[in-house]
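Notes for the one structure printed next.
The values are calculated or read from the model by the stated rules, or taken from the named source; none is laboratory data. Since the model is a prediction, treat every value here as computed from it, not as a measurement. Note: ideal-geometry Cβ built from the backbone for every residue, glycine included; neighbour counts use all protein chains shown.
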Amino acid sequence: MSEIENVNLKLGKKISSELVDNELINAEILNSFEKQLVEGKIKELDWLKVFEQKFKITFQSEDEA
Amino acid sequence: MKLDKLHIKKFRGASQPITLEFDQSKKITMLFGENGMGKSTIADALVCLCTDKLGSISDKSSIDKDYIRTLNCQSSEVAIKLETNTGTYLAKLNGTGSSFVKTPIDNIPTVRHLRRSQIISLIDAEPSKRYEALKDYIDVANIIKSEDELRKAHRTTINALENIRKAIIYAESTLKNSWEAEGSPNTSFHEWAKLEADKDITEQQLLHQSYIGIIGAWREVESKRGEVVKALKNYNICIVNETDFLKIITDLEAGNSSLDNSLLNVLIEAEKFIKNKSEIENCPVCERPENKNDLLIKISARVELMKEFQKAQLNLKEAKKLKEQSENTLKTLVKSFIDELDIFIPKFNLYVDNTDSLQDILNEIADGNNNNDKYRSVNKNLLLIVKKIKEIELDAGKILKSINQYNLIKQHHNTSVINRSKRIKANYLADATEKALQIVESTRKRFIEEELLSISKDVEEFYQKMHPDEQLGGIKLFLKPGAKNSLELNADFYTSLSVTPQSLYSESHLDTLGICIFLALAKKYNDGNTILILDDVVMSVDEDHLDRFIELLHEQVHSFSHILITTHYRPWKDRYRHNRAPTDQVHFVELRKWNLATGIRLQNSKIDIHELRNAIDADYFDRQRISNLAGTILENILDFLSIKYQCKISRKVRQDYVLSELLNCLSSKLLKVMKVAHLEKNSEGVYDDLLKINEYELKPIIDVLKQLSAIRNQVGSHYNFDGSLVSDSDIEEFGNKVYDFAKLLICPINGNFPDKNKSGSYHETRTGSIRLYPLMEPS
């Protein structure tokens, strides 16, 4: 891995874990999300899908509760 | 990783294949050569092989990739190969000559290439451009791409939320207005709208459809009736025409009993016959005496009458024909009218009450004997029917308005309900994207700030080494607040803190600052296999700063796999050559004059004492070279000692002291106490003064050298008779004594003189191998 990739990876890990800690994305998709983030492959619709997924799970669990 | 060989073929200045053989025991390779000898070709070859960049070619404002290959050769001939102890890496120019194809493509050694132009662009550039200079190191472009997409997503969610908000406001304000217009029934317009929207309006819709059916059917009847009216008018005109033409014929026949169509042709022929005669005296038919002209007048009058009669007959025939056609058309249209009437009446009947007078009219129409009767009946009652139809239209309009109102309420009520439901998710997404954007942005900035802070520490440390006690430093690299990618550079200058160094630092101080920043970056982002290339980065610095720079490089050499220095700055090379800088890690390669035919020419270079040893031991005894080399080395050692002990010597403007002046400036007091001590390494490889110390007094050897020093001029530098009288053994002794003297003072590990004062009582080499006494000349 080149140093540039390494820098992106380091930052990507920090960002991903912050997003999980703040309950904005699901921990289950962390690895694939992180990979896409580091490779600069997350498009606008991908971001929205990630948040929609979290929305569904959050409201589903609230409904169940 | 240790570099072994670099092969370059047909790449830029390498018109002939060259191989640079690295000395695997040395971590620094210095390529020395004047401008245009091929230094950058070698540096660029490593850059092209190990990165996706083109090296110094990229500095040019316009890149002509044609010149990646040597002039007049094919792209396929270009090859760069690096052999190391961990693998061999090959790069070949592709077919279009624009980029290199690498084998293998992975795990290629990392190359950090620093050129003077980069230093200038880092220091002089605008903060936004300055960040670009760091991109090779802190490039988080991928993360920024994702961040930009997140920003777009946030804007999309905000727009979606705004659209939902507007839709709710519009729908609900419309509902509220309608509710108020209805007198604000129920508890709220929401409740009212829901009740309204839930109503069943099927009956109204069916009634409206039925009315529309009656109105439509009547319009068809009206349309057909209009056509019948027109056709009837036309038929009447035809009857009149026929009557007129019949009267004309009757009148003509009454005035002339002899009207006969067959006579007309006889008269026309007779007229022709008489006209062709020059003169006639009798009628050719009855033979009574006749004048030609009188006869022609009579015949002509009868022909005209006959033609008029014939025309009237034709007109009558035509009028009859048209009348028949018109009659047929009329019948057809009346039939169509009746057909439409048959559709209309049943529909209309449903609307007309049994008690309504219209019912009688409809019965009368239906009871008509034939189509004409029905038609006449409709015409007779037309006003009453039309009046009723207008009433129906009015009623249909009212029902439609009511249906439309219902649809409007239902539509807005649905819009309100749906969008209120959508708003929950849209709000969530807008909040989530905003929060995520804040996290991504702040984490990225914090990350880069931390990276820059850690680099700043190294930069400061390196800069202090370069410029100790100069009241400069306090180097800080940081992102400009509020800007996306702007890199600020601050430093201290005496009492002014955090100033932009460009405004106060000298050019050479800025140069060294740039070098320190890049060195710190290269050190931080070193993956363990990094080759650092310093491509002509030092232009002109004074001796002290050059020594400190060399020292800094040697301290940092272990951070890298290898350092390749290219320079045309001779004092740098000579600091090594004359053992004024540590030579142990440096492999010298000199470049000779370049031309297209010979290409780049390399020659390994040695430091002076190795050249002297080689010259003394060579089969061919070169008297002049040995004398010259020994004299130069001796001058160098004495120069070092005289500076160290601040010896008294007559000042010269150029400080170009000759050998005798340097030999004699060492005072007798100093010579008496001057000695060197050679230490031995302990089991841990450290020079230890508890172990055996070999001490050597310097006065005896300097005394011998004083006696032999004339050989330098007599044999080494000039042509004279005395030089011829000097024996080979004297020259060999001079050479050997100088060599021994140098060996007494030069560190066997680092290759430099004892130029450090750590103890406060003697000078020593950096490794501690040799100590030079005394520290100062005795008073």
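Odds and ends about this structure:
- If the condition is being touching a residue at least 12 places away in the same chain (Cβ under 8 Å) and either loosely packed, with under 14 Cβ neighbours inside 10 Å or touching a Lys or Arg at 6+ places or on another chain (Cβ under 8 Å) (or both), then region B:665-677 contributes B:CYS665, B:SER667, B:LYS669, B:LEU671, B:LYS672, B:VAL673, B:MET674, B:VAL676, B:ALA677.
Residue-by-condition table, conditions (1) aromatic (Phe, Trp, Tyr); (2) touching a Ser or Thr at 6+ places or on another chain (Cβ under 7 Å); (3) part of a loop (DSSP other than H, G, I, E, B):
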| residue | (1), (2), (3) |
| --- | --- |
| B:ILE517 | no, no, no |
| B:ASP527 | no, yes, yes |
| B:VAL538 | no, yes, yes |
| B:VAL541 | no, yes, yes |
| B:ARG548 | no, no, no |
| B:GLU551 | no, no, no |
| B:GLU555 | no, no, no |
| B:HIS587 | no, yes, no |
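- Taken together, the residues in region B:392-414 that are under 15 Å from B:PHE189 (Cβ atoms) and crowded, with 18+ Cβ neighbours inside 10 Å amount to 3.
- The residues of region B:114-144 that are facing chain A (nearest Cβ under 9 Å) and either surrounded by 16 or more Cβ atoms within 10 Å (Cβ to Cβ) or not basic (Lys, Arg) (or both), listed by number, are B:ASP136, B:TYR137, B:ILE138, B:ASP139, B:VAL140, B:ALA141, B:ASN142, B:ILE143, B:ILE144.
- Of the residues screened, B:SER642 is one that is in contact with a helix residue (DSSP H, G or I) (Cβ under 8 Å, 6 or more places away or on another chain) and assigned to a helix (DSSP H, G or I).
- Entirely in region B:1-108, the strands (runs of 3 or more DSSP E) that have 2 or more residues that are over 24 Å from B:LYS606 (Cβ atoms): B:79-84, B:88-93, B:100-103
- All of B:SER173, B:SER98 fail the test of being over 20 Å from the mean Cα position of the chain (by Cα) and either away from every other protein chain (no Cβ under 14 Å) or of a type outside the set (Phe, Trp, Tyr) (or both), apart from B:SER173.
- A count restricted to region B:155-170 and to residues that are within 14 Å of chain A (Cβ to nearest Cβ) and buried (at least 16 other Cβ atoms within 10 Å of the Cβ) stands at 4.
- Any hit, region B:628-637, residues being surrounded by fewer than 17 Cβ atoms within 10 Å (Cβ to Cβ) and not hydrophobic (A, V, I, L, M, F, W, C): no
- For region B:526-564, a residue qualifies if it is over 40 Å from the mean Cα position of the chain (by Cα) and of a type in the set (D, E, K, R), and the qualifying residues are B:ASP542, B:GLU543, B:ASP544, B:ASP547, B:ARG548, B:GLU551, B:GLU555.
- Region B:440-451 residues that are more than 10 Å from A:ILE15 (Cβ to Cβ) and more than 10 Å from chain A (Cβ to nearest Cβ), paired with ones that are hydrophobic (A, V, I, L, M, F, W, C) and buried (at least 19 other Cβ atoms within 10 Å of the Cβ) (beta carbon under 8 Å, 6 or more apart): B:LYS445/B:LEU479; B:GLU449/B:LEU479
- B:TYR428 being within 14 Å of another protein chain (Cβ to nearest Cβ) and over 30 Å from the mean Cα position of the chain (by Cα): yes
- When B:LYS152 is tested against (1) in contact (Cβ under 8 Å) with a residue 24 or more places away in the chain; (2) within 7 Å of chain A (Cβ to nearest Cβ); (3) closer than 17 Å to B:ALA436 by Cα, only condition (1) is not met.
- Figure legend. Inter-residue proximity from region B:195-209: first residues basic (Lys, Arg), second residues assigned to a helix (DSSP H, G or I), beta-carbon distance below 7 Å, spacing 6+ or different chains. Indicated pairs: B:LYS199/B:TYR406.
Every residue, every condition in (1) crowded, with 17+ Cβ neighbours inside 10 Å; (2) over 18 Å from B:LYS26 (Cα atoms); (3) within 14 Å of chain A (Cβ to nearest Cβ); (4) modelled with pLDDT under 85, yes or no:
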{"site": "B:LYS523", "(1), (2), (3), (4)": "yes, yes, yes, no"}
{"site": "B:ASP527", "(1), (2), (3), (4)": "no, yes, yes, yes"}
{"site": "B:LEU532", "(1), (2), (3), (4)": "yes, no, yes, no"}
{"site": "B:ASP536", "(1), (2), (3), (4)": "yes, yes, no, no"}
{"site": "B:HIS554", "(1), (2), (3), (4)": "yes, no, no, no"}
{"site": "B:VAL557", "(1), (2), (3), (4)": "yes, no, no, no"}
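- Test: B:GLU279 is out of contact with any strand residue (DSSP E or B) (no Cβ under 7 Å at 6 or more places or on another chain) and at pLDDT 90 or above: no
- B:ALA436 fulfils the conditions (1) surrounded by 16 or more Cβ atoms within 10 Å (Cβ to Cβ); (2) more than 10 Å from chain A (Cβ to nearest Cβ); (3) among the hydrophobic types (A, V, I, L, M, F, W, C) except for a single criterion, (2).
- Region A:23-51, subset at the interface with chain B (Cβ under 7 Å from one of its Cβ atoms) and either in a helix (DSSP H, G or I) or under 11 Å from the mean Cα position of the chain (by Cα) (or both), residue farthest from B:LEU429 (Cα to Cα): A:VAL38
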